[in-house]
Amino acid sequence: MRIIVTGGAGFIGSAVCRHLITKTDAEVVNIDKLTYAGNLDSLRTISANPRYTFVKADICEESVIRQLFDRFRPDAVLNLAAESHVDRSITGSRSFIVTNVLGTHAMLEAARDYWSGLNDSAKESFRFLHVSTDEVYGSLGPEGLFHESTAYDPSSPYAASKAASDHLAIAWYRTYGLPVIVSNCSNNYGPFQFPEKLIPLIILNAYEGKPLPVYGNGSNVRDWLYVDDHSKALHLILTKGRPGETYNVGGRNERTNLEVVEAICSVLDSMNPGYERHNRLITYVVDRPGHDHRYAIDATKLEMELGWKAEEDFQSGLAKTVRWYLDNEWWWSRLRKKVYAGERIGLVTAGQRV
């Protein structure tokens with residue numbers, strides 16, 4: 001099976017590429033623009049594998065993507081390329097609309113043109129999996145879970161751009177018959193995550209003795225999913241999922257942001273017993289504009305229909321993640337020095353253009 005993975009140098013995309021190369025016999029074509037969050041170091045362990053190919057390209061360049069379809073003749077597409085950080089979308093929404101909406105449109109059109117020219121057998125087996133987020137559903141109250149039938153109610157520019165891309169993907173299935181599947185996942189964490197996201201940011205700030213920023217009062221709730229569990233789910237959905245369907249992927253690990261930060265401090269305390277307790281570094285900061293209060297995924301459909309189940313609970317996954325960052329300064333030190341040092345982003349001033 002030859003699979004095109006877009007955004008394969010990003011956090012989830014690189015985990016998917018590593019999984020496909022090391023755990024399956026698939027051939028992988030990784031297409032990535034290499035924005036600030038794309039990092040080929042995350043693919044070092046598979047870069048020399050003969051079943052792996054990297055192509056630097058922008059999914060918005062439809063003519064280039066069409067050429068890549070014709071060149072590599074894929075059996076499936078995993079569309080992960082996206083701008084994904086909520087804070088950056090608040091002060092720089094345009095790139096999110098361009099990549100997440102127009103880029104998804106270009107991918108769907110290139111795939112449709114390629115798929116239309118396949119023979120009947122290849123046409124029947126072709127799949128296009130569009131990978132999205134639970135943020136498209138908006139905010140939950142203190143009870144309940146997101147289901148595949150939950151109405152979309154995005155709050156941030158990021159969530160709105162992903163919601164639009166999801167609608168495009170399903171429309172291409174309903175209108176043109178392109179065998180599209182959509183997945184919506186909860187918050188991912190694990191090795192190789194760019195340090196603007198909560199868990200790696202807190203790990204590295206604590207490691208360096210810097211303040212640990214907690215938005216508002218820290219009561220916002222997220223469901224946490226270990227990235228390797230997500231990679232396994234995506235491969236399963238791609239190969240066993242039904243076209244036209246949506247599958248929610250969640251870890252059943254709800255935690256408040258404050259609980260997450262305190263848990264990281266506790267793990268670091270145990271790994272560095274001679275160091276002063278890390279929770280002294282917790283600092284409450286002004287909340288994010290439009291901050292959804294709670295996300296929680298019901299993954300029953302994926303579990304029952306396709307037999308998937310998360311293997312890591314939050315405690316085991318977090319311990320592995322903290323240990324990885326402590327042991328792999330070679331990967332993140334350059335990013336902290338030259339790309340993102342942990343400064344606060346996502347605050348809007350009056351009249352600011354986004």
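The figures follow:
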quantity: Residues (of a type in the set (Phe, Trp, Tyr) and within 13 Å of Ser14 (Cα to Cα)) located in segment 32-82; calculated: Tyr52, Phe54
quantity: Residue under evaluation Thr300, criteria (1) within 30 Å of Ile181 (Cβ to Cβ); (2) touching a Gly at 6+ places or on another chain (Cβ under 8 Å), criterion not met; calculated: (2)
quantity: Lys232 vs. criteria basic (Lys, Arg), outside any strand (DSSP E or B) and closer than 25 Å to Leu335 by Cα; calculated: no
quantity: Hits in segment 331-354 - residues which are touching a residue at least 12 places away in the same chain (Cβ under 8 Å) and assigned to a helix (DSSP H, G or I); calculated: Trp331, Trp332, Leu335, Arg336
quantity: Pairs where the first residue, in segment 1-22, is charged (D, E, K, R) and the second is surrounded by fewer than 24 Cβ atoms within 10 Å (Cβ to Cβ) and in a loop (DSSP other than H, G, I, E, B), C-beta under 6 Å, 6+ apart; calculated: Arg2/Pro74; Arg2/Asp75; Arg18/Ile46
quantity: Single residue of Ala299, Ala206, Ala233, Ala263 found to be surrounded by 15 or more Cβ atoms within 10 Å (Cβ to Cβ), among the small types (Gly, Ala, Ser) and touching a His at 6+ places or on another chain (Cβ under 6 Å); calculated: Ala206
quantity: Residue selected from segment 107-143 under the condition assigned to a helix (DSSP H, G or I) and of a type in the set (D, E, K, R), by the criterion surrounded by the fewest Cβ atoms within 10 Å (Cβ to Cβ); calculated: Asp120
quantity: Verdict on Gly38 being in a loop (DSSP other than H, G, I, E, B), surrounded by fewer than 24 Cβ atoms within 10 Å (Cβ to Cβ), within 20 Å of the chain's Cα centre (by Cα) and in contact (Cβ under 8 Å) with a residue 12 or more places away in the chain; calculated: yes
quantity: Yes/no for Gly218 being in contact with an Asp or Glu (Cβ under 9 Å, 6 or more places away or on another chain), within 30 Å of Thr150 (Cα to Cα), surrounded by 21 or more Cβ atoms within 10 Å (Cβ to Cβ) and not aromatic (Phe, Trp, Tyr); calculated: no
quantity: Options Val221, Val227; residue that is among the β-branched types (Val, Ile, Thr), modelled with pLDDT of 95 or more and in contact with a helix residue (DSSP H, G or I) (Cβ under 7 Å, 6 or more places away or on another chain); calculated: Val227
quantity: When residues of segment 48-72 are limited to those that are outside any helix (DSSP H, G or I) and touching a strand residue (DSSP E or B) at 6+ places or on another chain (Cβ under 7 Å), the one surrounded by the most Cβ atoms within 10 Å (Cβ to Cβ); calculated: Ile59
quantity: Residues that are of a type outside the set (Val, Ile, Thr) and assigned to a helix (DSSP H, G or I), drawn from segment 242-274; calculated: Asn257, Leu258, Glu259, Glu262, Ala263, Cys265, Ser266, Leu268, Asp269, Ser270, Met271
quantity: Verdict on Thr104 being of a type in the set (Val, Ile, Thr), crowded, with 24+ Cβ neighbours inside 10 Å and assigned to a helix (DSSP H, G or I); calculated: yes
quantity: Segment 313-343 - residue that is loosely packed, with under 11 Cβ neighbours inside 10 Å and under 23 Å from Glu262 (Cα atoms) and, of those, nearest to the chain's Cα centre (by Cα); calculated: Glu343
quantity: Unique match (being modelled with pLDDT under 95 and of a type outside the set (Ser, Thr, Tyr)) among Arg242, Arg255, Arg288, Arg280; calculated: Arg288
quantity: Qualifying residue in segment 69-87 (condition: basic (Lys, Arg), more than 24 Å from Ile237 (Cα to Cα) and touching a residue at least 40 places away in the same chain (Cβ under 8 Å)); calculated: no
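The values are calculated or read from the model by the stated rules, or taken from the named source; none is laboratory data. Bear in mind the structure is a predicted one, so any value in this text is a computation, not a measurement. In this analysis, Cβ positions are derived from the backbone assuming ideal geometry, glycine residues included, and neighbour counts consider all displayed protein chains.
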